[in-house]
Amino acid sequence: MRIGMILDGPNGFPPDVRVEKEAKALVAAGHQVFILCPTGGRPPGAEFLEQLGVTVVRVALLSSKGAYVLNAWRSLTLFDERWLCLIQDFVSNYSIETLHVHDLPLVPVAIQAARRWEIPVIADLHENMPAAERAYRSGYGILRRVHSSIFKNYWLMRYLERRALLKCRFVIVVVPEASERIIAYGIPAERVVVVSNTEDETTFDASLETVDVDVINRYRGKFVISYVGTIGAHRGLETVLRAIPLCADKIRNLKLVIVGADPSSFKKINNLLENYEVKNLVDLYGWAPLKQAQSFIKASDVCLVPHADFEHTNTTIPHKLFQYMICGKPVLVSDCKPLKRVVESASCGRTFKAGDPRSFSLALTEMYENHRSLDAFGQSGKAAALTDYSWRNDARTLVNVFETLGAETRNRKRV
């Protein structure tokens, strides 16, 4: 099939870990993949990416800067009219047979564009967007929180999401917990498919040959716990920072390493470090290239996913968990449902009560004091990441979706 993926975002494409993995899997299965995205600072036009085997079509969107009324309307209606002609031209120019839309905001406009050719639409929900917006608000100031609660209202977004997803041929989610909420919309279970954020040896290089030696040497002799990835209110890092003083006396040479802070997060976390008097126990880094980020994981004794308890975090799962596992690292995660399910089934670490610093401290101290168990957790997690929680399983599920669509398309053409 000729598959047209649609991806919004300020950085265009690449990068996007999930989209890259899906595109490669579909190309390997014999499909042709075209990705429509913003320019992300690059020149507009089409480019073939040989390493992925896909054609990226970068388009310049009309600027929304200063268009307050239009932006408010787009948020309220979940319909960005700027994309309509762009998607229609994309379908026409590249003879697209199905639209695969990444994340909720562009699903409604893609559905309208697809009607012209009567081609199916697949919604690939990387996260529970209505719940995500509610979670993000927890970290906002009062005025921004009020504005968001009006223009990105949870219940209105759910209504618009349900209306759009009912018109999609398939809905892809990242965890079974997310499929339950989609099925509750009245969408048949056979149209809801789980393709998780797993990894395997073909998607993530866990070999020691690729480490940054400087990073490894920097933390030699320390008991390193690390968090690598995007930072936000729902990520639960404040719980970790509050827990550090509770276990610092019991854990010799403890060092918390945080990698991935943007400028805003840097300021907030540094303020928290001062408040909790743990600055000497924490190393804070900004965005790091993939090789260096992997090196921080490999330098760690325990890797963290301390998500706070939101509906959002109970219906999604981050790539980082499976990246930790494939590196053979024991993990400490909060008891959000998807995290707890994976970690307990893979026997790759411990869980703590989300938002509870004392629970985190007790779990981490237990892991430190039973140091031999860390190796067992790491080995078990790596084995699970290469079998039950391997990307090859999810890639097969994804390919099966498009095999079904391909058969339906061929049947329609015969008729």
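A short reminder: the numbers here are calculations on the coordinates, not readings from a lab. All values derive from a computational prediction rather than experimental measurement. Quick reminder, even Gly has a Cβ in these numbers, built from the backbone with ideal geometry, and neighbours come from all protein chains shown.
Which three lengths, in whole Å and largest first, does the stretch 1-95 cover when its Cα atoms are put on their principal axes?
Largest first, the stretch 1-95 extends 44, 24, 22 Å along its Cα principal axes.
Which cross-chain or sequence-distant (5 or more) residues have an amide H under 5 Å from the amide H of residue 35, H modelled 1.01 Å from N in plane?
5, 55, 56, 57
Can you give the net charge of the other residues whose Cβ lies under 11 Å from the Cβ of residue 215, counting K and R as +1 and D and E as -1? Walk me through the numbers before you get to the answer.
Working: positive: 218, 220, 291, 298; negative: 212, 214, 283.
With Lys, Arg at +1 and Asp, Glu at -1, the neighbours total +1.
If you take every residue apart from residue 291 with its C-beta less than 12 Å away from the C-beta of residue 291, what net charge results, scoring Lys and Arg +1 and Asp and Glu -1? Could the numbers behind the result be given before it?
Numbers: positive: 298; negative: 205, 209, 212, 214.
Computed value for this residue: -3.
Percent of Cα-Cα pairs more than 13 Å apart in the stretch 183-239, please.
Values: 1274 of 1596 pairs.
In whole percent, the long-distance tail amounts to 80.
For a quick check: with amide H placed at 1.01 Å from N, whose amide H comes under 5 Å from residue 335's, ignoring anything fewer than 5 positions away on the same chain?
Long-range HN contacts for residue 335: 352, 354.
On a straight-distance basis, which lysines could pair with residue 279 in a cross-link, Cα separation under 17 angstrom, same-chain partners fewer than 8 positions away excluded?
222, 255, 267, 268
With charges only on Cβ, +1 for K and R and -1 for D and E, what is the dipole size of the chain about its Cα centre, in debye, rounded to 20? Present the calculation step by step, with values, prior to reporting the outcome.
Values: 52 positive and 45 negative charges, 155 e Å.
Magnitude of the dipole: close to 740 debye.
Report ³J(HN,Hα) in whole Hz for each residue of the stretch 137-150, in order, from the Karplus equation J = 6.51 cos²θ - 1.76 cosθ + 1.60 where θ = phi - 60°; Gly and Pro get x.
4, 5, x, 8, x, 4, 5, 5, 5, 5, 4, 5, 5, 8
What are the ³J(HN,Hα) values, in whole Hz, obtained from phi via the Karplus relation 6.51 cos²θ - 1.76 cosθ + 1.60 with θ = phi - 60°, for each residue of the stretch 180-185 in sequence order, with x given for Gly and Pro?
Each residue of the stretch 180-185 in turn: 4, 6, 6, 4, 5, 6 Hz.
Antiparallel DSSP bridges in the stretch 208-385: what percent, to the nearest 5? Numbers along the way, then the final one.
Details: 0 of 20 bridges.
The antiparallel fraction comes to roughly 0 percent.
For the chain, what proportion of DSSP beta bridges, expressed in % and rounded to the nearest 5, is antiparallel? Display every interim value, and only then the final one.
Details: 5 of 50 bridges.
Within the chain, antiparallel bridges account for around 10 percent of the total.
Just tell me which lysines come within less than 21 Å, Cα to Cα, of residue 24; anything on the same chain fewer than 8 places away is out.
In chain and number order, the partners are 291, 320.
Where does each of 371, 312 land when they are ranked from fewest to most other beta-carbon atoms within 10 angstrom?
If I rank by nearby Cβ atoms, fewest first, I get 371, 312.
Starting from the amide H of residue 254, placed 1.01 Å from N in the peptide plane, find each other amide H under 5 Å away whose residue is 5 or more places distant or on another chain.
It is 223, by chain and number.
With the contact rule set at Cα under 8 Å and sequence spacing of 6 or more, what percent relative contact order holds for the stretch 125-191?
On the way: 37 pairs, mean separation 24.9, N = 67.
Computed value for the stretch 125-191: 37 percent relative contact order.
Quick one: 304, 160, 237, fewest Cβ neighbours within 10 Å first, how do they rank? If you can, show how the numbers build up before the last one.
Working: 304 30, 160 20, 237 23.
Fewest-to-most ranking of 304, 160, 237: 160, 237, 304.
Compute log10 of I(q)/I(0) for the chain with the Debye formula, placing one identical point scatterer on every Cα and leaving out solvent, at q = 0.14 Å⁻¹, to two decimals.
Once normalised to I(0) and log-transformed, intensities are -1.35.
Could you work out the relative contact order of the stretch 208-385? I mean the mean sequence separation of Cα pairs under 8 Å and 6+ apart, divided by the number of residues, in percent. Before the final figure, lay out each step's value.
Numbers: 329 pairs, mean separation 44.3, N = 178.
Here the relative contact order equals 25 percent.
Please compute the volume of the convex hull spanned by the alpha-carbon atoms of the stretch 191-349 and report it per residue in Å³. Before the final figure, lay out the partial values.
Numbers: hull volume 20.6 nm³, N = 159.
Expressed per residue, the convex hull around the Cα atoms of the stretch 191-349 is 129 Å³.
Which order results if 124, 249 are arranged by neighbouring Cβ count within 10 Å, fewest first?
On the way: 124 26, 249 9.
The most exposed by this proxy come first: 249, 124.
Residue by residue through the stretch 44-54, which ³J(HN,Hα) values in whole Hz follow from phi under the Karplus form 6.51 cos²θ - 1.76 cosθ + 1.60 (θ = phi - 60°), with glycine and proline marked x?
Going residue by residue, I get x, x, 9, 9, 8, 9, 5, 5, 9, x, 10 Hz, with x marking Gly and Pro.
Mind checking the dipole of the stretch 208-385: about its Cα centre, +1 per Lys or Arg Cβ, -1 per Asp or Glu Cβ, Debye to the nearest 20? Working shown, then result.
Details: 23 positive and 18 negative charges, 31 e Å.
In total the dipole reaches around 160 debye.
By per-residue mean of other Cβ atoms within 10 Å, what is the highest-first order of 31-42, 102-113? Intermediate values should be presented prior to the final figure.
Details: 31-42: 19.7, 102-113: 22.4.
The densest-packed peptide leads the list: 102-113, 31-42.
Can you tell which of 407, 79, 234 lies farthest toward the positive end of the dipole of the chain, using +1 and -1 charges on the Cβ of basic and acidic side chains (Lys, Arg; Asp, Glu)?
Farthest towards the positive pole: 79.
Using packing as a proxy for protection, rank 81-89, 345-353 so that the peptide with the highest average count of other Cβ atoms within 10 Å comes first. Don't jump to the answer; show the numbers that get you there.
Numbers: 81-89: 16.8, 345-353: 20.3.
Answer by packing, highest mean first, reads 345-353, 81-89.
Mean separation of Cα pairs under 8 Å and 6+ residues apart, divided by the residue count of the chain: what relative contact order is that in percent?
Details: 747 pairs, mean separation 57.6, N = 415.
Reported as a whole number, the value is 14 percent.
Could you tell me which residue out of 384, 213, 304 lies farthest along the dipole of the chain toward its positive end? Charges go on the beta carbon: Lys and Arg +1, Asp and Glu -1, centred on the Cα centre.
So the residue we want is 304.
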